[in-house]
1. Sorted from fewest to most neighbouring beta carbons within 10 Å, what does the list Ile117, Ile16 look like?
2. Fewest first, what order do His129, His123 take by the number of other Cβ atoms within 10 Å?
3. Calculate how steeply helix 35-61 sits against the longest principal axis of the alpha-carbon atoms of the chain, using the helix alpha-carbon long axis, and give the answer as 0 to 90 degrees to the nearest 10.
4. Rounding to the nearest 10 and keeping the result within 0 to 90°, find how far the Cα-based axis of helix 71-92 lies from the longest principal axis of the chain.
5. May I ask you to evaluate 6.51 cos²θ - 1.76 cosθ + 1.60, the Karplus curve with θ = phi - 60°, for each residue of the range 145-161 and list the ³J(HN,Hα) values in order in whole Hz, giving x for glycine and proline?
6. Starting with the fewest neighbours, write out Thr28, Thr35 ranked by other beta-carbon atoms found within 10 Å of each beta-carbon.
7. Give a residue-ordered list of calculated ³J(HN,Hα) values for the range 124-140 (Karplus: 6.51 cos²θ - 1.76 cosθ + 1.60, θ = phi - 60°; whole Hz; x for Gly, Pro).
8. From the list (i) 11.4; (ii) 8.4; (iii) 9.0, can you say which value of mean projected area of the Cα convex hull in nm² was derived from the structure given?
Amino acid sequence: MGGRHSLELALPGASIGAVAGAMAGGLTLFAGQPTGMAALSALALAVPLALFGGLYGVLLGHGVFRPGTFGPVGLYWLVAFPVARLMQESLVGVGGLADGVLPFLAFQVMVSLGFAIGFLWMHERLMPHWLVRRAGDNPLARGLLDHYLRFAQMMRARKGARR
């Protein structure tokens, strides 16, 4: 039962990761790659990003991350995104590793912070709606939803104090 509850928390992040990976892989069509290569590239990036995105949701639900904080999420994607890209490049490889693994990873680390910002922005907009739907059956979702609500109340109080 606890596994199902954790998997439910993983769904929004996994969905965001899968869509982001598919879109980025699909961009290889614009780079002139054949359709089959573009599909393989999309799948090779969508799967690891979905896994890392889902893991983020599980870790969030278990209190490792807090809603509304970027630092820890940025560090998470600072590692996860380059690993996902390295997996994609290892499977599909269209020359990204020609200069070596370290320059490739260094570039992916720089890109990862932009990805982290986008991922967190999307996750913070989708996850509360998902939690409202799952809170009745899932105690982890209910606890995380309470955390989101406390955070929203705190932010509203801060905004009101500034006026």
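Throughout, read-outs are computed from the coordinates displayed, never taken from laboratory work. For clarity, every value in this text was computed on a predicted model and none was experimentally measured. As a convention, Cβ positions derive from the backbone with ideal geometry for all residues, glycine included, and neighbour counts pool all protein chains shown.
1. Working: Ile117 14, Ile16 25.
So the residues, fewest neighbours to most, are Ile117, Ile16.
2. Details: His129 10, His123 23.
Fewest-to-most Cβ neighbours within 10 Å comes out as His129, His123.
3. Taking Cα atoms only, the helix is inclined about 30 degrees.
4. Tilt relative to the chain: about 30 degrees.
5. 4, 4, 5, 4, 5, 4, 4, 4, 5, 5, 5, 5, 5, 4, 5, x, 5
6. Details: Thr28 20, Thr35 9.
Least to most surrounded, the residues fall as Thr35, Thr28.
7. 5, 8, 8, 4, x, 5, 5, 5, 4, 5, 9, 4, x, 9, 10, x, 5
8. Among (i) 11.4; (ii) 8.4; (iii) 9.0, the one calculated here is (i).
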